[in-house]
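Undergrad: Sharing a structure with you now.
The values are calculated or read from the model by the stated rules, or taken from the named source; none is laboratory data. Since we're looking at a predicted model, the values are computed, not measured. No Cβ is skipped: glycine too gets one built from the backbone with ideal geometry, and neighbour counts run over all protein chains shown. SASA here: full protein model, heavy atoms, side chains in, ligands and nucleic acids out. Shrake-Rupley method; radii C 1.70, N 1.55, O 1.52, S 1.80 Å.
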Amino acid sequence: MTKNYDVIIIGAGAAGLMCAIEAGRENQRVLLLERNKKPGAKILISGGGRCNFTNQEIDPASYISENPHFAKSALSRYTPWDFMDLIAAHGLTWHEKTLGQLFCDQGAKAILKVLLDESRAAGVDLLTSIDVRSIEKTPSGFVVSSGDVSWQAPQLVIASGGVSIPKMGATDFGYRVARQFGLKTVEPVPALVPLTFDSETVAKMKLLAGVSAPCRVAVAGQSRLPAFRENLLFTHRGLSGPAILQISSYLKPDEAIDIDLLPDQADAWQWISDCRNRSGGATVKTVLASHLPDRLADQIASAFGGKLAEQSNATLSRLCDRLKRWQLTPTGNEGFAKAEVTRGGVSTEELSSKTLAAKKVPGLYFIGECVDVTGWLGGYNFQWAWASGHAAGKAIAHAARK
């Protein structure tokens, strides 16, 4: 038997839940299908369980897409303050860590509970452990089937996410649906992901594993791209940490990164010269350790050695380059298994920026991470999920009233 709904949403993550809530509030009969045993898997792991649910500095320029203007409409109509109002109404509170990042004081489970409570209040039917086997377009809408069970609705939303973190159930389902209906996709690649390097470089980084240092990192030779001033982290496999994850989203194969290990020193040569004049008897290690973690200072100083006063101008110039313009070329990254999000997805050329509806397929929508819109680290991707889900939910209700 086929059950009828006004809209079927596939994927009960951040975007799917928000879309279901908005459509349900508008008196739509909503069915929300989830492949995993429980909804909101990525919500629960966000921010180490604290859920970095948005960012106060949301700006369309903080999103990567083949169409840099696509996200503007949805983001302008559902802001971070709208989501804060939603969770505040449930008694939740939050705090800012750095760079506008907002974390829930009560944790990720509390955020998910708000969304589930709101969806229940809106009359949403949520089914979990549903493996959708087929989607068929009919004159009256869409038939979604899972084994012997099927559901029908005039409107269908794909909120199945990207392919990052496959151990949590991520698949290419959304891209396959897009291709089924003749929609273009942008090749998905790992984003917000640790970088890997050649064996010689990694051997040196292993000695620093666990060391974190503030830096400014940019794509070498790409001054038009953003640079990020945050921490990097040395690992047994290469480099990670917020600054590295951020730049990874912009990095193309064979491109190098420039790392500034003295981001607060505008003129490294002046600084090192002043140190030599003021305390030339100090070792290079001692001077570097005043600005860098000990192990990192020790490794850099080992290539220069001795007291600062004993160093020639040429040697100090090389030291400045190592500190301010450390250039490395990654061999790759740790892939979708370690990527926080997926860059690429359903092409924005195929979708309405206002409604997230497919232009060629009436009644079909794509929202959240499966769309070619990728935000920075720090709550930006959750805000895109809330905003795109909200936009589609409102559009679904509007279309139903026509």
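Undergrad: Which condition from (1) of a type outside the set (D, E, K, R); (2) within 30 Å of Ile8 (Cα to Cα); (3) under 17 Å from the mean Cα position of the chain (by Cα); (4) buried (at least 16 other Cβ atoms within 10 Å of the Cβ) is the one that Val193 breaks?
TA: With respect to (1) of a type outside the set (D, E, K, R); (2) within 30 Å of Ile8 (Cα to Cα); (3) under 17 Å from the mean Cα position of the chain (by Cα); (4) buried (at least 16 other Cβ atoms within 10 Å of the Cβ), Val193 is out only on (2).
Undergrad: May I ask you to verify whether Asp321 is touching a residue at least 60 places away in the same chain (Cβ under 8 Å), among the acidic types (Asp, Glu) and more than 30 Å from Glu187 (Cα to Cα)?
TA: Judged against the criteria, Asp321 is not a match.
Undergrad: So, one more: Out of Asp131, Asp105, Asp117, which single residue is open to solvent by 50 Å² or more (accessible area, probe 1.4 Å), within 18 Å of Leu17 (Cα to Cα) and modelled with pLDDT of 95 or more?
TA: Details: Asp105 fails: within 18 Å of Leu17 (Cα to Cα); Asp117 fails: open to solvent by 50 Å² or more (accessible area, probe 1.4 Å).
Going through Asp131, Asp105, Asp117 in turn, just one is open to solvent by 50 Å² or more (accessible area, probe 1.4 Å), within 18 Å of Leu17 (Cα to Cα) and modelled with pLDDT of 95 or more: Asp131.
Undergrad: Only residues in region 195-207 that are touching a residue at least 40 places away in the same chain (Cβ under 8 Å) count as the first member; pair them with residues that are surrounded by fewer than 17 Cβ atoms within 10 Å (Cβ to Cβ) and assigned to a loop (DSSP other than H, G, I, E, B), Cβ under 7 angstrom, at least 6 apart or cross-chain, and list the lot.
TA: That search, which allows pairs on different chains as well, returns Thr196/Thr331; Phe197/Thr331; Asp198/Thr331.
Undergrad: Would you pick out the residues in region 7-49 that are acidic (Asp, Glu) and within 13 Å of Ala392 (Cβ to Cβ)?
TA: Glu22, Glu26
Undergrad: Being within 16 Å of Met18 (Cα to Cα) and crowded, with 19+ Cβ neighbours inside 10 Å is the requirement here; does Gly174 meet it?
TA: Values: within 16 Å of Met18 (Cα to Cα): no; crowded, with 19+ Cβ neighbours inside 10 Å: yes.
No, not satisfied.
Undergrad: Restricting attention to region 85-101, and to residues there that are among the hydrophobic types (A, V, I, L, M, F, W, C) and out of contact with any Asp or Glu (no Cβ under 9 Å at 6 or more places or on another chain), which single residue is surrounded by the fewest Cβ atoms within 10 Å (Cβ to Cβ)?
TA: Here is the first cut: in region 85-101, the residues among the hydrophobic types (A, V, I, L, M, F, W, C) are 86-89, 92, 94, 99.
Of the ones still in play, those that are also out of contact with any Asp or Glu (no Cβ under 9 Å at 6 or more places or on another chain) are 87-89.
Numbers: Ile87: 23, Ala88: 13, Ala89: 10.
The qualifying residue surrounded by the fewest Cβ atoms within 10 Å (Cβ to Cβ) is Ala89.
Undergrad: Then there is this: Which numbered condition in (1) hydroxyl-bearing (Ser, Thr, Tyr); (2) closer than 23 Å to Asp264 by Cα; (3) touching a residue at least 60 places away in the same chain (Cβ under 8 Å) is the only one that Thr374 fails?
TA: Unmet condition: (2).
Per-residue answers, yes or no, for (1) touching a residue at least 60 places away in the same chain (Cβ under 8 Å); (2) open to solvent by less than 10 Å² (accessible area, probe 1.4 Å); (3) in contact with an Asp or Glu (Cβ under 6 Å, 6 or more places away or on another chain):
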position	(1), (2), (3)
Gly221	no, no, no
Arg224	no, no, no
Arg229	no, no, no
Leu233	no, no, no
Arg237	yes, no, no
Tyr250	yes, no, no
Leu262	yes, yes, no
Trp269	no, no, no
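Undergrad: Moving on. For region 17-111, give me every one of the helices (runs of 4 or more DSSP H) that falls completely inside it and has 1 or more residues that are touching a Ser or Thr at 6+ places or on another chain (Cβ under 8 Å).
TA: Where helices (runs of 4 or more DSSP H) fall fully within region 17-111 and carry at least 1 residues being touching a Ser or Thr at 6+ places or on another chain (Cβ under 8 Å), they are 72-77, 80-88.
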